[in-house]
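Visitor: Right, I'll just put the structure down here and ask away after.
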Amino acid sequence: MIDCDIHVPPPPIKALFPYLAPHWRDSIIARGIDGFDLASYPPGAPISSRPDWRGFAGSPLEALQQQALRPWQTEIAICSCLHGAIAVFGDDLSAALVGALNDWLAQEWLDQDARLRGSMLLPIRSPALSVREIERLAHDRRFVQVLIPVSGAIPLGRRDLWPIYEAAQRHDLAVGVHAGSLYHSPLTPSGWPSYYVEDYVSQAQAFQNQLASLIAEGVFVKFPALRVVLIESGFTWMPSFLMRADKTWRGLRVDAPWLDRAPSTYVRQQVRMTLQPVDAPPEPSQLQKVFDMSGSDQILLFSTDYPHWHFDGDHALPTGMSAELARRIGHDNPLETYPRLRSPTT
């Protein structure tokens, strides 16, 4: 199995000091933010981890090995570290923190277990600095994708961001679009929600908005080898999205003449979705209909979303999935999606 979404605990800012230039260490101390915690998932929060994945007596690495890699005999796991550094308004400080975090991930995690691969965070507010970070780390083939939050400052299809996609395609890096936000703008089209449940449910709508942007702006036309992975997006909304997108495109294709194929064709060729959290209907037969209506057995990638809690025990794969589909999702699809998984890491 290849696990395409595993999370490692975000470090406090002081843990990044060894990876920061002296100027930035001094600046952070002078600003009085050296004690800040920019972790996206507080480790003590009940929603941050399954009860049986909390309180492990060993190190976080040992916990990941025993709780996430061993049960599924995982051959490769792609690790992400969600961190508030991407939301810092100062572009230079954000880039310094993001770079330190990527170096920390490589040394503290990827160096410690040959099965681990990395997602490269980017200072996404600045496309130029994001490209610089890609070029800095492109030599390390253990990084297999760049990581972008689904809700940012602008739609992801905008040409301002195309230099990032060009660099990613050139270096065989997938573009991982992860649930979450920079929280600089309202999370929904109707404004700021009051409760977390609204935020969580609205994430699927944000993914649809961004996918529509990537299609309509011509990202998939301009970068035909690019692979976009929607992470923690759910997937049962995809059939209705594709039907609506195709129907609307037929009537408005004059508005985007660069699209020479239906939106669903681009999606099936260049977009993938991680499995967990599974927003599945209660009956296995209904879930199979979702797969059939999506029109592809290549669109899903196995993931556990460790240590976040979406399933009990070892039942990461939904009930009723055929052995052939499980093999595609767990092994073949990830290898086809991430070119760097097929080549040596050194």
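The values are calculated or read from the model by the stated rules, or taken from the named source; none is laboratory data. Since we're looking at a predicted model, the values are computed, not measured. Cβ placement follows ideal geometry from the backbone for every residue including glycine, while neighbour counts extend to all protein chains displayed.
Visitor: Across region 155-172, what is the total count of residues that are in contact (Cβ under 8 Å) with a residue 60 or more places away in the chain, within 16 Å of the chain's Cα centre (by Cα) and assigned to a helix (DSSP H, G or I)?
Guide: Going through region 155-172 one residue at a time, the tally reaches 1.
Visitor: Ile86 - would you say it is aliphatic (A, V, I, L, M), in contact with a Cys (Cβ under 6 Å, 6 or more places away or on another chain) and touching a residue at least 60 places away in the same chain (Cβ under 8 Å)?
Guide: no
Visitor: Run down Ser240, Ser213 and say which single residue is among the hydroxyl-bearing types (Ser, Thr, Tyr), in a helix (DSSP H, G or I) and modelled with pLDDT of 95 or more.
Guide: Within the list Ser240, Ser213, the selection yields Ser213.
Visitor: In region 253-263, which residue that is touching a helix residue (DSSP H, G or I) at 6+ places or on another chain (Cβ under 6 Å) and aliphatic (A, V, I, L, M) is surrounded by the most Cβ atoms within 10 Å (Cβ to Cβ)?
Guide: Ala262
Visitor: Next question. Inspect all residues belonging to region 219-234 and state whether any of them is over 30 Å from Pro307 (Cα atoms), surrounded by 22 or more Cβ atoms within 10 Å (Cβ to Cβ) and out of contact with any His (no Cβ under 9 Å at 6 or more places or on another chain).
Guide: Looking for residues that are over 30 Å from Pro307 (Cα atoms), surrounded by 22 or more Cβ atoms within 10 Å (Cβ to Cβ) and out of contact with any His (no Cβ under 9 Å at 6 or more places or on another chain), one finds at least one in region 219-234, hence yes.
Visitor: Ala63 fails exactly one of the following numbered conditions: (1) surrounded by fewer than 19 Cβ atoms within 10 Å (Cβ to Cβ); (2) at pLDDT below 90. What is the number of that condition?
Guide: Just one mismatch for Ala63, condition (1).
Visitor: Oh, and also: For region 112-137, how many residues are loosely packed, with under 15 Cβ neighbours inside 10 Å and aliphatic (A, V, I, L, M)?
Guide: Count: 2.
Visitor: Taking Gly191 and the conditions (1) out of contact with any strand residue (DSSP E or B) (no Cβ under 9 Å at 6 or more places or on another chain); (2) at pLDDT 95 or above, which numbered condition does it fall short on, given that it satisfies the others?
Guide: So the condition that Gly191 fails would be (2).
Visitor: Are any residues in region 31-43 closer than 17 Å to Ile86 by Cα and modelled with pLDDT under 80, and if so, which ones?
Guide: Result: Asp34, Phe36, Asp37, Leu38, Ala39, Ser40, Tyr41, Pro42.
Visitor: Kindly check whether there is at least one residue in region 261-271 that is within 25 Å of Val201 (Cβ to Cβ) and over 19 Å from the mean Cα position of the chain (by Cα).
Guide: Yes: region 261-271 contains one or more residues that are within 25 Å of Val201 (Cβ to Cβ) and over 19 Å from the mean Cα position of the chain (by Cα).
Visitor: Check whether at least one residue in region 101-110 is aromatic (Phe, Trp, Tyr), at pLDDT 95 or above, closer than 25 Å to Ser343 by Cβ and not in a loop (DSSP other than H, G, I, E, B), and report yes or no.
Guide: Yes: one or more hits.
Visitor: So which residues in region 122-154 are part of a loop (DSSP other than H, G, I, E, B), closer than 21 Å to Ser202 by Cα and at pLDDT 95 or above, if there are any at all?
Guide: Passing the criteria: none in range.
Visitor: So, of the residues in region 189-218 that are among the β-branched types (Val, Ile, Thr) and surrounded by fewer than 16 Cβ atoms within 10 Å (Cβ to Cβ), which turns out to be nearest to Ser48 (Cα to Cα)?
Guide: Top of the filtered list is Val197.
Conditions tested, residue by residue: (1) part of a helix (DSSP H, G or I); (2) in contact with a helix residue (DSSP H, G or I) (Cβ under 6 Å, 6 or more places away or on another chain); (3) aromatic (Phe, Trp, Tyr).
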| site | (1), (2), (3) |
| --- | --- |
| Val175 | no, yes, no |
| Gly180 | no, no, no |
| His184 | no, no, no |
| Ser194 | no, no, no |
| Val197 | yes, no, no |
| Tyr200 | yes, no, yes |
| Ala225 | no, yes, no |
| Lys247 | yes, no, no |
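Visitor: Across region 1-37, which residue is nearest to Asn102 (Cα to Cα) among those that are among the aromatic types (Phe, Trp, Tyr) and surrounded by 15 or more Cβ atoms within 10 Å (Cβ to Cβ)?
Guide: Tyr19
Each row is one residue, and each column tells you yes or no for (1) touching an Asp or Glu at 6+ places or on another chain (Cβ under 6 Å); (2) under 25 Å from Phe143 (Cα atoms); (3) at pLDDT 90 or above; (4) of a type in the set (Val, Ile, Thr).
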position	(1), (2), (3), (4)
Tyr19	yes, yes, yes, no
Pro22	no, no, yes, no
Arg25	no, no, yes, no
Ile29	no, no, yes, yes
Ile47	no, no, no, yes
Arg50	no, no, no, no
Ser59	no, yes, no, no
Trp72	no, yes, yes, no
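Visitor: Continuing with this model, one more query. Taking Ala96 as the residue in question, decide whether it is modelled with pLDDT of 90 or more and either of a type in the set (Val, Ile, Thr) or closer than 25 Å to Leu230 by Cβ (or both).
Guide: No: the conditions fail for Ala96.
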